[in-house]
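All remarks here apply to the structure that follows.
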Amino acid sequence: MSALDPIELRVITGALHAACEEMGVVLIRSAHSANIKERRDASTALFNARGEMIMQAEHIPVHLGAMPAAVAAVVGERHEPGVSWVLNDPFAGGTHLPDITVITPVFGDHRSLLGFAASRAHHADVGGALPGSMPAHSRSLADEGVVIPPRRLDDAAIEELTAQMRQPAERRADLRAQLAANRTGASRLTQLGRRLGPEQLQEATDAVLRYAELRTRACLAELGDGVRRASDVLEAADGAELTLRLRAVVAGERLELDFAGSAPQHGGNLNCPLAVTRSACLFAVKVLTDPDIPPSAGAYRPIEVRAPRGTVLNARPGAAVAAGNVETSSRVADLVLSAFGRAQGQGTMNNLTLGDRDFSYYETIGGGQGACPDGDGPSGVHVAMSNTLNTPIEALEREFPLRVTEYALRRGSGGRGRHRGGDGVVRELEALRELTFSLIAERRRNPPRGAAGGEPGARGADLLDGMPLAGKATGTLRPGQRLRVLTPGGGGFGHAPKREPSNRRKLQANAK
């Protein structure tokens, strides 16, 4: 196959992207849990036979940037048609335990390996100390649920794994939805292979990777050579503040992101594996360059991410990581964007889990996005490493023993500036029977920063029947008790203009 012309390249890119999006639709429509079918906390991607990501759907940033590590964990195994793999071990290709990845090899004619279809979904429970498997005070990986090293996934494995989790029927249904999504992706990749031929398909996908790499290099060159630095903190459950440091070096068409000097691995659960740190960096670079660059391994080739082993950004196996995937990843994205002069968004996912022996419910709550140099930040959106939806009130109240007593924008919580940061939200839930809750949130002590003279956004706050809660908290809700979450606003950009006197004051001044 000769080199692809621009039209052929665009057609192949579009076909791959459409296949990944179709995988996502199948997963969302087939899933049982509200976490996947309503909030869409799931991601899909296709990989070549070497384990390189050739395309991903526009789903959850923290899933997709880390999913290559999951495929790398199984790419060297013996693969057979119809045999899929499953894992969630954060130190063997996963992120945190509720994110379960299913990987299916794709074969062409004559049993030639064409690549892999992969899906990752946040399951509402995977066992562990509390319903929802997101304990705020976990200190080891064992506290957080069932650890699944890479293994084959068949009916027996599904039964064995889900028996260790709460609501096993729902877990089985969601795993089978992931298998269905992967079969869809495998079918589309096989069809493309038959149309082009296996060798031509490899050449075509390699061309997509090269194209993404070239576009990324061109964008990095436009950032300008130099060293940028940034630092920020994480708010640990024990009251400590964990400092993160970044040294970003642009040299021609390459970018190095070095986190040397960041806090050592912590006894709580803000630790994360290197794959999560890398994922957050790649998301931020995509924001800084061109969002239309095909999301693939090629786009990541000019970027090097370094984090010392044994730090909170590259923890050792066995460390608790429940919050690392959701909160630390958000702070890493903040660091990269801050280093390049961007205002910060809410910087947290405001993770809330609720449940008892009969159900497990998990949600992340939106907030304010940071303002841009040319516009205000949006309000009430999921920021940075989360790209989920909210759970609609009608679906939540119908399925769970909960009542939503308030859901509104938190007016005025965005930072002032030439352009204002977006506002956070207020979300208040009332328990209709006794429930266990766990809350993992950030930006309760340190507000999201503005940029170029813009003011910070408001800090978040959490209340139980009007009494303040810590940002990392667990407890019991009795019937009628209300849990209220106020999410942070985004930082402003640029110095706020001086207020003009009101028309009434002008009239009074003129009358004197």
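For the reader, a short list of remarks on this structure follows.
- Debye log10 I(q)/I(0) at q = 0.10, 0.15, 0.18 Å⁻¹ for the stretch 153-271, Cα point scatterers: -0.76, -0.95, -0.91
- Estimated from the Cβ-Cβ distance and a Förster radius of 41 angstrom, the FRET efficiency linking Ala18 and Asp238 is about 0.30.
- Share of carbon and sulfur in the accessible heavy-atom surface of the stretch 438-497 [1.4 Å probe, %]: 54 percent
- Accessible surface of the stretch 274-314, 1.4 Å probe, proportion on carbon and sulfur as whole %: 51 percent
- Solvent accessible area, Å² - Glu58, 1.4 Å probe, full protein context: 90 Å²
- Along the stretch 149-154 the Karplus relation, 6.51 cos²θ - 1.76 cosθ + 1.60 evaluated at θ = phi - 60°, assigns HN-Hα couplings of x, x, 8, 5, 10, 9 Hz to successive residues, with x for each Gly and Pro.
- Coupling constants for the stretch 33-50 follow from the phi torsions by the Karplus curve (6.51 cos²θ - 1.76 cosθ + 1.60, θ = phi - 60°), and in residue order they are 6, 4, 4, 9, 6, 9, 7, 6, 7, 7, 8, 9, 7, 10, 10, 7, 5, 7 Hz; glycine and proline get x.
- Here the accessible area is traced with a 1.4 Å probe on the protein chains. For the stretch 44-100, carbon and sulfur cover 49 percent of it.
- Anisotropy class of the chain from Cα gyration tensor, a/c 1.5 cut: oblate
- The Ala129 and Ala221 beta-carbon pair, evaluated with R₀ = 56 Å, returns a calculated FRET efficiency of approximately 0.70.
- Relative contact order of the stretch 320-362, defined on C-alpha pairs under 8 angstrom at six or more residues apart (%): 31 percent
- 1.4 Å probe accessible area per residue over the stretch 77-129, in Å²: 27 Å²
- Take 431-437, 406-412, 270-276 and order them by the average number of nearby Cβ atoms within 10 Å per residue, most first; the result is 270-276, 431-437, 406-412.
- Radius of gyration and maximum dimension Dmax of the stretch 64-121, Cα, Å: 11.5, 37
- Taking 0.36 nm per residue of separation and subtracting the Cα-Cα distance, full extension of the segment from Ala173 to Ile393 would add 76.9 nm.
- Euclidean distance between Cα centres, the stretch 346-400 to the stretch 173-250, Å: 23 Å
- Placing dummy labels 7 Å off each Cα toward the beta-carbon, the span from Glu58 to Arg210 is 2.8 nm.
- In this structure, His110 and Glu159 have a Cβ-Cβ separation that, at R0 = 41 Å, corresponds to a calculated FRET efficiency of about 0.75.
- Amide H contacts of Leu87: Thr101, each under 5 Å away and 5 or more positions distant or on a separate chain (H built 1.01 Å from N in the peptide plane; Pro and chain starts excluded).
- Whether the stretch 189-241 is rounded, prolate or oblate, judged on the alpha carbon gyration tensor where a/c under 1.5 counts as rounded: oblate
- The stretch 310-412 - percent relative contact order, Cα under 8 Å, separation 6 or more: 19 percent
- Each label point was placed 7 Å from the Cα along the Cα-to-Cβ direction; for Arg50 and Arg403 their separation is 6.0 nm.
- Extension gain, Glu77 back to Thr476 (0.36 nm per residue minus Cα-Cα distance, nm): 139.2 nm
- Shape class of the stretch 1-100 from the alpha-carbon gyration tensor: oblate, with a/c at 1.5 or above and b/c at least as large as a/b.
- Relative contact order [Cα under 8 Å, 6+ residues apart], the stretch 167-286, whole percent: 15 percent
- Structure-based [θ]222 nm, the chain - -39500 (n - 2.57) summed over DSSP H runs of at least 4, per residue, nearest 500: -9000 deg cm²/dmol
The values are calculated or read from the model by the stated rules, or taken from the named source; none is laboratory data. As the structure is a prediction and not an experimental result, all values here were calculated from the model. All Cβ positions, even for glycine, are placed from backbone atoms using ideal geometry, and neighbour counts span all protein chains on display. These accessible areas exclude ligands, DNA and RNA; they are computed on the full protein's heavy atoms, side chains included. Shrake-Rupley method; radii C 1.70, N 1.55, O 1.52, S 1.80 Å.
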